[in-house]
1. Kindly establish whether S44 is of a type in the set (S, T, Y) and either without any contact (Cβ under 8 Å) to a residue 12 or more places away in the chain or in contact with a strand residue (DSSP E or B) (Cβ under 9 Å, 6 or more places away or on another chain) (or both).
2. Among A122, A95, which is the only one that is assigned to a helix (DSSP H, G or I) and under 16 Å from the mean Cα position of the chain (by Cα)?
3. Quick one: which residue in K77, K130 is over 21 Å from D173 (Cα atoms), in a loop (DSSP other than H, G, I, E, B) and among the basic types (K, R)?
4. Looking at region 170-212 only, could you name the residues that are surrounded by fewer than 16 Cβ atoms within 10 Å (Cβ to Cβ) and under 23 Å from the mean Cα position of the chain (by Cα)?
5. Only one residue in D173, D152 is in contact (Cβ under 8 Å) with a residue 40 or more places away in the chain, touching a Phe, Trp or Tyr at 6+ places or on another chain (Cβ under 6 Å) and farther than 30 Å from R243 by Cβ, so which one is that?
6. So which residues in region 105-120 are within 16 Å of S180 (Cα to Cα) and in contact with a helix residue (DSSP H, G or I) (Cβ under 6 Å, 6 or more places away or on another chain), if there are any at all?
7. Of all residues in region 28-77, which are over 17 Å from the mean Cα position of the chain (by Cα), farther than 23 Å from E246 by Cα and among the polar types (S, T, N, Q)?
8. For V72, all conditions in the list (1) more than 15 Å from A127 (Cβ to Cβ); (2) of a type in the set (V, I, T); (3) surrounded by fewer than 21 Cβ atoms within 10 Å (Cβ to Cβ) hold save one; what is the number of the exception?
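Values in this text are rule-based calculations from the coordinates and carry no lab data. Everything numeric in this text was worked out from a predicted model, so none of it was measured. All Cβ positions, even for glycine, are placed from backbone atoms using ideal geometry, and neighbour counts span all protein chains on display.
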Amino acid sequence: MGLDTDVLIDWFAEVGRDLPWREPDCSAWGVLVSEIMLQQTPVSRVQPIWLEWMARWPVPSALAAETTGEVVRAWGKLGYPRRALRLHAAATVIAQEHGDVVPSDVDTLLALPGIGAYTARAVAAFAYGKRAPVVDTNVRRVVARAVHGAGDAGPASNTRDMADVEALLPAEDAPAAKLSAALMELGALICTARSPKCADCPIYAECAWQRNGRPEYAGPAKPVQKFAGTDRQVRGLLLDVLRGAEGPVEKARLDLVWHESGQRDRCLDSLLVDGLLEQTRDGLFALPGEH
């Protein structure tokens, strides 16, 4: 039994969140920036940074002209700062090879540095209104419940997940793109992992999970992401020092951020390898391009 896609699209039109990257006049560049920022980061933290970035760098060439150090600084506390470097690299290619316009074709988007299967399809659907299966954690959970009657999605499988969503999409571009957004919003607002608001769900009556008696998820345990004490936390603390500094800093200043020297030095080395920090000839540390 398929889902009533019209009902979902109408629901989204009525209750979808009013986000700046969903505005009709938002450029494809604005959509691309939002999609990179939203990876593993909640909307509430992304929105103010996105607004700053779009005011400062309204087209790809503007970001491409900036130093990578300033881009990392402007990324602020969004986390996973390698995303900032990937966005800068993508902006450079868009400016140089695509006339400063984000491509609309999935394959061309996939050829950009740092753009994966999800982001390419999200830009095609949300910026250009194209029919493309867009699969994130929220969409996988909605499909697992509503279509397959399971408590949650099992381990990700790009091929299977993409085929599941592809089968739900209307044939025409515009409604397919709207359904892609609606599925994602349903998972984010209603069909949540821990406390789904089933009474508010527009497809409650046809949901296979409901009809199955809402069985508990019985698949493999999902890894829980910790933060405290991890290399991610230490890398963030080290970057914070450089973001707040006027120029290169001595290693002694970086040594203050974390008590465990082995972990601290390992994280410092990984930031250098990733290109998020650079070391000067006289042994100081700086954001890339800022010495």
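1. Yes: the conditions hold for S44.
2. Numbers: A95 fails: under 16 Å from the mean Cα position of the chain (by Cα).
Sole residue among the options that is assigned to a helix (DSSP H, G or I) and under 16 Å from the mean Cα position of the chain (by Cα): A122.
3. Values: K130 fails: over 21 Å from D173 (Cα atoms).
Only one candidate passes the filter, namely K77.
4. Correct list: A174, T192, A193, R194, S195.
5. When all the criteria are applied, what remains is D152.
6. First pass over region 105-120, keeping only residues within 16 Å of S180 (Cα to Cα): 106, 117-120.
Once the filter is applied, which keeps residues that are within 16 Å of S180 (Cα to Cα) and in contact with a helix residue (DSSP H, G or I) (Cβ under 6 Å, 6 or more places away or on another chain), region 105-120 yields V106, T119, A120.
7. Listed by number, the list holds a single entry, S61.
8. Result: V72 fails condition (3) only.
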